[in-house]
Amino acid sequence: MVDYAEQKEYWEGMGKRRHPSHPVIEAFAGPKLRWIRDHTEPPTDGPHTMVEIGAGNGYFSYGFDRAFELTATDFSETMLEMNPLPSNQKVQADASNLPFGDDSFDLAFCGNLLHHLEAPEVAVREMGRVARKHVVLLEPNALNPLMFAFGVVKREERGTLKFTPPYLKGLGKRAGLRLRAFSTQGMVLPNKTPEKLLPVFKAIDRPNPMGFYHVAIFDV
Ligand SMILES: C[S@@+](CC[C@H](N)C(=O)[O-])C[C@H]1O[C@@H](n2cnc3c(N)ncnc32)[C@H](O)[C@@H]1O
């Protein structure tokens, strides 16, 4: 497992990535965003507020910003700079020590963050502290052969190997959260799926146990 300092160096040195408006990114993030919206409590008065932890260059922020009143956080200045949200919606912050008061947002979300952390349970507890209604965790599926292979060959992705459904559900439970909905889904990889093959991957992109990602929604 790569330690905190190495992770920071890795993300600060990140080069060019696809823009969040790219069709492959819409195919990656769109179905997950819709599933999350459909399985969380609908807002009654105005949009829900959401904080996104480890938002990176905004693959999820881009779509969430249309459905929620969004604040995006990340510990990497480089990644936040690439994130297309306006600067007043971006906060540089470490996942283990969020600079927000208790119950500050309706939802707290993180995508592809926890498998990079040495102590993911600390970040999940922080998310539960700042969220009033839901905590949503999205991580690679260790049971998917391709994700498993990335975890084996790439040191920064090694944390993926423990992300089975019981492990992800247990992370929320140990933080005092109650599981509301769980799904394994996704056949599109944001940086690796070739645009030319998108129609094929979109056609087979539906919830299935061998999908690339787990999504767990918890009630606080
Ligand atoms: C794989 S990227 C995911 C980005 C985005 N959520 C997505 O799914 O496309 C992981 C992100 O987590 C951030 N990150 C890693 N460790 C962190 C920490 N301890 N606190 C906050 N952000 C962190 C990295 O800077 C990076 O932007």
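Taken together, the values in this text are just the output of simple stated rules run on the coordinates, not laboratory data. This is a predicted model, so every value here is computed, not measured. For neighbour counting, all protein chains shown are included, and Cβ atoms are generated from backbone atoms with ideal geometry for every residue, glycine included.
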Pairwise centroid distance, computed over Cα atoms, of region 130-168 with region 86-101, Å: 23
Most mobile listed residue (GLY159, GLY101, GLY30) in the chain, GNM with C-alpha springs under 10 Å: GLY101
Among ASP45, ASP205, ASP94, residue whose mean-square fluctuation peaks in a GNM of the chain (springs only between Cα atoms under 10 Å): ASP45
Links that overshoot a 18 Å alpha carbon limit, given the list LYS8/LYS154; LYS16/LYS162; LYS16/LYS192; LYS154/LYS202: LYS16/LYS162; LYS154/LYS202
Extension reserve of the LEU197-GLU9 stretch, reckoned as 0.36 nm per residue once the Cα distance is removed: 64.4 nm
Residue order, fewest to most beta carbons within 10 Å, for MET50, MET79: MET79, MET50
Debye, to nearest 20: dipole size of region 84-195, +1 on Lys, Arg Cβ, -1 on Asp, Glu Cβ: 340
Full-extension gain in nm, ASP219 to LEU146, via 0.36 nm per residue minus C-alpha separation: 23.2 nm
Sites ASN97 and ARG178, calculated FRET efficiency, Cβ-Cβ separation with R0 25 Å, nearest 0.05: 0.55
Least to most buried among SER21, SER183, SER96 (fewest other Cβ within 10 Å first): SER21, SER96, SER183
Dipole axis of the chain (+1 Lys, Arg; -1 Asp, Glu on Cβ), positive-most option in PRO99, ALA142, GLY159: ALA142
Over the chain: helical MRE at 222 nm, DSSP H runs n ≥ 4 each giving -39500 (n - 2.57), nearest 500: -10000 deg cm²/dmol
FRET E, pair GLU77, ASN208, Förster distance 25 Å, beta-carbon r, rounded to 0.05: 0.10
Ordering of 115-127, 168-180 by burial proxy (mean other Cβ atoms within 10 Å per residue, highest first): 115-127, 168-180
Antiparallel content of DSSP bridges confined to the chain, in %, to 5: 45
